[in-house]
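Working notes, structure below.
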Amino acid sequence: MNNWEEPLRGARVVVTGGAGFIGSWVSERLLDAGAQVWIVDNLLTGSVDKIEHLFGRPGFAITLADAGHSIPDPGGVDLVMHLACPASPVHYQRRPLETLRAASEGTVNALELAARHNARFVLTSTCEVYGDPEEHPQREEYWGHVNPIGVRSVYDEGMRFAEATTMAYARERGVDVGVARLFNTYGPRMSLDDGRVVPTFLGQALSGAPLTVAGDGSQTRSLCWVEDAVEGLLRLACADVAGPVNIGSDHEVTMLELARTVTELTGSESRIHHVSLPADDPHVRRPDLTRARVLLGWEPEMSLEEGLKRTALWMEETRSNAPLRNLSGRAASPKVLAGTDSE
């Protein structure tokens with residue numbers, strides 16, 4: 001255990017959205033650090049498959065509940081990690097009202113839980129609060145350039161509301177808060193139908209389909225390996241830092257460069273096919289990591305090439321087995337409800 005992880009030993013942690021991509025990694029790392037983990041998830045975009053390997057571990061429990069409606073109180077909470085919100089454009093545009101509810105009412109409910117127990121609260125916000133930025137790289141002081149009524153607004157503005165609510169609870173109720181802005185996290189356990197660039201490009205390359213590059217491919221992203229991002233999140237959870245703090249990689253790559261890298265790493269003969277740019281698609285994305293380095297002693301370690309290789313291997317294994325189950329909270333294994341009551 002690292003020194004910064006000491007506060008997690010024996011801590012009782014509620015993880016909303018813990019059956020999601022990042023939430024599953026957060027929950028696993030918390031258990032490894034000696035915390036007790038209680039996941040709250042409605043499996044709207046999460047899946048039991050992502051956390052089945054945690055069943056039976058000491059200190060682990062999960063209940064099926066929608067954080068946007070209410071969060072059951074397990075008692076004795078030390079830390080609330082709030083990750084319950086669809087983050088993929090495919091998912092949040094398909095479920096716009098659920099996304100808004102998770103970002104608004106879900107954040108309020110999670111903050112109320114933290115306030116009742118005098119617990120630390122960590123919001124996993126997003127670089128999308130910067131919108132299509134007019135400042136590059138993006139510093140936390142930058143207020144953003146967001147279309148408040150566009151197709152992406154349910155997520156962009158939802159998370160801006162979540163940040164505003166978090167800081168209001170800190171000022172008015174004295175809640176101990178931390179706000180992380182994640183940048184383009186990728187890695188194993190992403191849903192194969194996620195729609196974001198890494199699983200899309202890898203899926204296309206592995207199947208021999210054309211890689212669909214939006215526009216001319218000059219738009220950029222900064223891709224962060226999931227385990228690096230999770231360490232940044234948990235360092236924030238254990239620090240006396242309110243934030244916001246950017247958590248991501250400052251290695252910037254164009255989408256055309258990424259497509260070519262994916263075909264080279266996978267040995268694919270797929271060609272590149274250019275398609276129209278989505279509405280309000282950000283043209284550039286790169287975090288300024290000064291705060292994370294100074295306040296958290298954190299920076300990403302995984303190279304993009306190695307991270308893509310590991311993700312490709314995981315995806316090949318996943319595609320060769322049965323497809324991931326999308327249980328949507330209606331066909332969960334009885335083990336999922338062990339020790340808790342569902343809403």
Nearest-20 debye value, the range 84-230 charge dipole, Cβ charges on Lys, Arg, Asp, Glu
360
Apply the Karplus curve 6.51 cos²θ - 1.76 cosθ + 1.60, θ = phi - 60°, to the phi angles in the range 48-62 and return the couplings in whole Hz, x for Gly and Pro.
4, 4, 6, 10, 4, 5, 8, 4, x, 6, x, x, 10, 8, 9
Protection proxy ranking, peptides 121-133, 23-35, average beta carbon neighbours within 10 Å, highest first:
121-133, 23-35
So how much slack lies between E306 and H69, counting 0.36 nm per residue of separation and subtracting their Cα-Cα distance, in nm?
81.3 nm
For V77, the residues 5 or more places away or on another chain with a placed amide H closer than 5 Å to its own amide H are none
With 10 angstrom as the radius, rank S191, S70, S249 by how many other C-beta atoms surround their C-beta, starting from the fewest.
S70, S191, S249
Going by how many other beta carbons lie within 10 Å of each one, how would you line up M302, M255, fewest first?
M302, M255
Local electrostatic count, Q219, Cβ distance below 13 Å [Lys/Arg +1, Asp/Glu -1]
-3
Label-point separation, E316 to Y142 (7 Å along Cα→Cβ), nm:
3.7
Within 15 Å, Cβ to Cβ, of L206, how many net charges do the neighbouring residues add up to if Lys/Arg are +1 and Asp/Glu are -1?
-2
Translational diffusion of the chain, µm² s⁻¹ [Kirkwood Rh, Cα pairs; Stokes-Einstein; 37 °C; 0.692 mPa s]
163
Residue exposure sequence - M81, M315, M190 - by fewest surrounding Cβ within 10 Å:
M315, M190, M81
Near the amide H of I39, under 5 Å away, which other amide H atoms are found, from residues 5 or more places off or on another chain, if H is placed in the peptide plane?
V15, A61, I62, T63
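Laboratory data are not the source of any read-out in this text; all were calculated from the coordinates shown. Note that the coordinates shown come from a computational prediction; the quantities given were computed from them, not determined experimentally. Here Cβ is always computed from backbone atoms with ideal geometry, including for glycine, and neighbour counts include all displayed protein chains.
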